[in-house]
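Comments concern the structure below.
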Amino acid sequence: TIGCTLDSMMDIPMSQQTEIASWISFVAPGSGCIDIDFNFTFGVRPSFDTDTALALYQANGQSCDSFPYQELAFNDNSDGLDPRIVINESSSVTLVGGVRYYVLVGGMFGDEVTGTIRVVDPCKVEPSSLPTHHPSPTETSAVCPHDDMCDALEIPVDGGTSIISTIGCTPDDFIDVPLSGRPLELSAWTSFVAPSTGCVDIDFDFIESIGIFDTDAALILFEPNVGDAGCDSFPFREIAFNDNADGLDPRIIIDDLGIPKLAPGIRYYLMVGGVFGDEVTGSIEMNEISCVVPPTIAPTVNSVGACINDDPCNANEMVVGGESRIMSTIGCTSEDFSNIPLSIPMEVSAWAFFRAPASGCVSIEFTSLEGVGVFDTDAGLGLYESAVGDGCDWFPFVEVVSNDNGVVGSLDPRIVVDGSVVPKLAGGKKYYILVGGIKGDELTGTLAIQDGCSS
């Protein structure tokens, strides 16, 4: 909470006052149970430097600014001076699976605190029936019942748990089934029919594996080439990839904000695999969730010496088709262009990211407001994808395209990806935008992203 401000307790009631606070959010699991545990690391205020509190809230509506919030639980001293909130079957409060909840983390008596927070489902039942036979290569066909899309395991979208194993499975043909993330040499298949909302939470929990990287699994979500044309309607189109959402366990959330919602009633296919050739076994839980109403993103302007989005892992989140955002490079540093190649000279820069729309088309435009430097209105844009999956620190980044004078009659940059010159992006994949001043300029301006195929 270092550097954070006070919250308005008129809109956000609290049974005990924390003066300086920070926020997290989560989507409740199907069980309606949650265990939120905070472990203090250090504080600024020697008198009360380990006294932290948690408050759990439900918004008045779908969005993060649907006030007033309702306080569901509060704790400040569950484990010594560390707070913990547990909601299970015996609690008077119950959560609704698929709904987003908000947690306020604050120091008591005005403390500024830092710590780790863990959120798990305490009601989750671990599966008891696991494959125990590790096959030899000659036994493959007899022990991998879901080695092909047309033999995919049916997964219910109801919060139930299904066991899936890649033991004895064979590699897939990534010509027909393209993969943007890490190599999955052995994989098994599941399928499901998208629910009425089109939004789902797919969670894989590792149980056992055989391999050097023995806990690293991945999920890849595909749709057939033509609607619900069937399991062999090639080529498949990748919608989403994840391998490390929860430690080394993968999770994919389709909420219509980060990734566009699915078409209700259409069958989709989910590949489960071990990274770098691992054979893995685990459980898949799938829940229908509420789709997210895109939030209004507050402008962010850096003050000198305080560049909050100076690297890809602290990038500002953008929504394609959403509101424009203020971006500033004031106080930012230069990039390591051995990891992040760039064809135009931008020495001082800031970062944003977005997930590509289903069309794969985007139009990205930066409009300068002010600058510090000789070339004080000359800005540039670089569009990147991670070397592996969606990772913000999987270098080297791959430059998709860059521009510094794309707006006619202006020094402002514009990038258009519509398939005519630059190949279309992968729908649902995370991409990174570098905004910088040419030849060392520090500048401020608005960044807007639209669907480049909609105009």
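Here, each number is a calculation from the coordinates, and none is a lab measurement. As the structure is a prediction and not an experimental result, all values here were calculated from the model. Using ideal geometry, Cβ is built from the backbone for each residue, glycine included, and neighbour counts are taken over all protein chains shown.
What ranking do 357-366, 419-428, 157-166 get when scored by the average of other Cβ atoms within 10 Å per residue, highest first?
Details: 357-366: 22.0, 419-428: 16.0, 157-166: 18.5.
Ranking, from highest mean packing down: 357-366, 157-166, 419-428.
Packing-wise, with mean Cβ within 10 Å as the measure, how do 148-155, 277-284 rank, highest first?
Numbers: 148-155: 16.8, 277-284: 22.2.
Descending mean neighbour count gives 277-284, 148-155.
So, R0 is 56 Å and r is the distance between the beta-carbons of C453 and L6; what FRET efficiency does that work out to, to 0.05? Intermediate values should be presented prior to the final figure.
Details: r = 44 Å, r/R0 = 0.79.
After rounding, the FRET efficiency stands at 0.80.
Report the gain in length on full extension from S196 to S63: 0.36 nm times residue separation, minus Cα-Cα distance, nm rounded to one decimal.
45.9 nm
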